[in-house]
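The values are calculated or read from the model by the stated rules, or taken from the named source; none is laboratory data. These figures come from a predicted structure and were not determined experimentally. Here the Cβ positions follow ideal geometry from the backbone for every residue, glycine too, while neighbour counts run over all protein chains shown.
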């Protein structure tokens, strides 16, 4: 089985820039180091190991790839490849699937070759962009929201919270809708459907009244869209009662959904806003309006990065800023919470759920599927890493399904729902699970001791050899130490105690 934690992580290659047209590839005659490193970055180390040649070409190699790197000598390519051979490969019990048939699924009965679509945004805003994505292997695209409004974007319109590994933790945008005319977007749909008839075109639309919602839905169907997504959730189009303002009023969701359904015969999905306490009222309203499915989440209203000198938050546009939409891996826990809510709602049973919000790796996607999602949409990770991430999304999920013996994505859908409680009141509270220390991995940094002393229960101290020691009388099993350990040298132990018992 795939280990719960990867043997190799991003921290092992933290200086890798994930280059395009990477110099390391040109320097190596036996491998494509950039593809190997990319798979490791996206939690796909078992696939990376199985794509390697039968014999290790790095054993007697002088690593010209490392010297050719744009950060010469800073990325341990040879060491990572060796670890794939000798640490990861022995754990690869299931061979890579010969094809991608297990990834086949559908949206409201319309086939998808895999569950991965571009979400409505700049990454799916032109013919050429969607065509390149389809060629890379994406199953479809939710095209950037079509409207009759004249769109004039601000500059700049993006900002981000960077992580210590160089990746983006959270991403803010103040971007609005498609700046192409309705006629131009219809032409794009016709061209895409003619060239890529098996790819799924999900047309995102936003109307200003019932007539516009219906007219846009009708036009999208007539010009090749496979389904329509109703944008009730854009946080940057709230003025005048659009976007997320609609998604916060169930009556409007129901009315405009019904208008779209009356005007077309293809499936209709309602894209809901996370800027609410609970998503179910709007979701149930969409169902009453005739929606065939739901999409969630859109971005979360946010303020990012206030400049300490100008006092303006980012992105600053001529000395002013605005509340915008927050996305990226940071929002995934919030997105999962809403998808779990929709998946557990008996009033929504049978509706397709197209999930998004922080998906970067196949593991991220799997978590949404386990909560009931039938398709996955991605934007921010594509903006950061490019369409090429689809390869690791597909191969990682495909290998997981094979490991589990699942015949399709549907076999995994909703498996996490039964164990999920909306509150903590139902959890068992009488057992304490102690942490267990891996002496070989521990470097004696003392981070566990510091966190336990100042943020826990003073149950850990380092001995004279800088080895952590646990005081079982004080430990409450909170597992803060597991989370702060930079070496992943602490794991849940097998020793359990019952409170109040020796």
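What do you reckon, is residue 125 within 29 Å of residue 407 (Cα to Cα) and under 25 Å from the mean Cα position of the chain (by Cα)?
no
Given the criterion surrounded by fewer than 22 Cβ atoms within 10 Å (Cβ to Cβ) and at pLDDT 95 or above, identify the matching residue among 393, 427, 417.
Answer to the selection: 417.
Among the helices (runs of 4 or more DSSP H) contained in segment 382-492, which hold 1 or more residues that are outside the structural domain of residue 123 (by TED's automatic domain parsing) and in contact with a strand residue (DSSP E or B) (Cβ under 6 Å, 6 or more places away or on another chain)?
Result: 447-455, 480-484.
Hey, any hits in segment 275-283 for a residue that's under 23 Å from residue 140 (Cα atoms), assigned by TED's automatic domain parsing to the domain that holds residue 205, crowded, with 18+ Cβ neighbours inside 10 Å and in contact with a helix residue (DSSP H, G or I) (Cβ under 8 Å, 6 or more places away or on another chain)?
No, every residue in segment 275-283 fails to be under 23 Å from residue 140 (Cα atoms), assigned by TED's automatic domain parsing to the domain that holds residue 205, crowded, with 18+ Cβ neighbours inside 10 Å and in contact with a helix residue (DSSP H, G or I) (Cβ under 8 Å, 6 or more places away or on another chain).
Out of everything in segment 273-302 that is without any contact (Cβ under 8 Å) to a residue 60 or more places away in the chain and outside any helix (DSSP H, G or I), what residue ends up being farthest from residue 220 (Cα to Cα)?
Looking at residues that are without any contact (Cβ under 8 Å) to a residue 60 or more places away in the chain and outside any helix (DSSP H, G or I), I get 277.
Testing residue 226 on (1) buried (at least 23 other Cβ atoms within 10 Å of the Cβ); (2) in contact (Cβ under 8 Å) with a residue 60 or more places away in the chain; (3) farther than 30 Å from residue 304 by Cα, one condition comes back false. Which one is that?
(1)
Yes or no: residue 52 farther than 22 Å from residue 360 by Cβ and crowded, with 18+ Cβ neighbours inside 10 Å?
Taking the combined requirement at face value, the residue satisfies it.
What's the number of the only condition in (1) crowded, with 24+ Cβ neighbours inside 10 Å; (2) outside any loop (DSSP other than H, G, I, E, B) that residue 357 fails to meet?
Every listed condition holds for residue 357 apart from (2).
Results for (1) more than 23 Å from the chain's Cα centre (by Cα); (2) in a helix (DSSP H, G or I), shown as yes or no for each residue.
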residue	(1), (2)
20	no, no
25	yes, yes
46	no, yes
52	yes, no
67	yes, yes
73	yes, no
98	yes, no
114	no, no
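Please find, among 318, 265, 309, the residue that is surrounded by fewer than 24 Cβ atoms within 10 Å (Cβ to Cβ) and on the phi > 0 side of the Ramachandran plot.
None of the others qualify; the one that does is 318.
Quick check on segment 55-72: of everything there that is in contact with a helix residue (DSSP H, G or I) (Cβ under 6 Å, 6 or more places away or on another chain) and under 30 Å from residue 97 (Cα atoms), which residue is surrounded by the most Cβ atoms within 10 Å (Cβ to Cβ)?
65
Starting from segment 254-270, take each residue that is free of Cβ contacts under 8 Å to residues at least 12 places away in the same chain and assigned by TED's automatic domain parsing to the domain that holds residue 298 and list its partners that are crowded, with 20+ Cβ neighbours inside 10 Å and in a helix (DSSP H, G or I), counting only C-beta distances under 9 angstrom and pairs at least six apart or across chains.
none
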